[in-house]
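Quick notes on the structure that follows.
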Amino acid sequence: MRARLIALILTFVATSALLSTVSGQSVIFNYTVHVDFFAYSCSLNITQISLYDSSGRLVGAASSPSGAEIAITLRTSTPVTALTAIASGLATWSYYTWPVSGSGSITLGNTGDYWVTIRMN
């Protein structure tokens, strides 16, 4: 009888530990957003790239001094369905430099890689 009681207690403790471990884990969604930029006949220095979700919350930021593609990785516990990328920086042609900006939107599905191209005006 005592061995049976000890076995029952050990089973209860093991089950409780397993359930608390499983319930403490959450699903993580991983997205990598590749942002490309273009402007006609000039070089770009992108000083700020901001990613906003559909509620307007800032979820990622970066810069691209060379104006080349930048990859921003997002890790979130809730799925993201859409993003808006807003970029600003400087364009240079010959001796002239002027401020540029642009934006682009993207719809996301499951975790993975997504691309958005922003025309800098």
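The values are calculated or read from the model by the stated rules, or taken from the named source; none is laboratory data. Quick caveat, the model's predicted, so the values are computed rather than measured. Positions of Cβ are backbone-derived with ideal geometry, glycine not excepted, and every protein chain shown enters the neighbour counts.
Computed values, structure above
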item: Test result for residue 50, among the hydroxyl-bearing types (Ser, Thr, Tyr) and modelled with pLDDT under 95; result: no
item: Extreme residue, nearest to residue 84 (Cα to Cα), among residues of segment 97-121 that are β-branched (Val, Ile, Thr) and either surrounded by fewer than 17 Cβ atoms within 10 Å (Cβ to Cβ) or within 15 Å of the chain's Cα centre (by Cα) (or both); result: 106
item: Residue 73 exposed (fewer than 15 other Cβ atoms within 10 Å of the Cβ), touching a residue at least 12 places away in the same chain (Cβ under 8 Å), outside any strand (DSSP E or B) and under 12 Å from the mean Cα position of the chain (by Cα); result: no
item: Complete set of residues in segment 77-93 that are in contact (Cβ under 8 Å) with a residue 40 or more places away in the chain and either assigned to a loop (DSSP other than H, G, I, E, B) or within 11 Å of residue 51 (Cβ to Cβ) (or both); result: 77, 78, 79, 80, 83, 85, 87
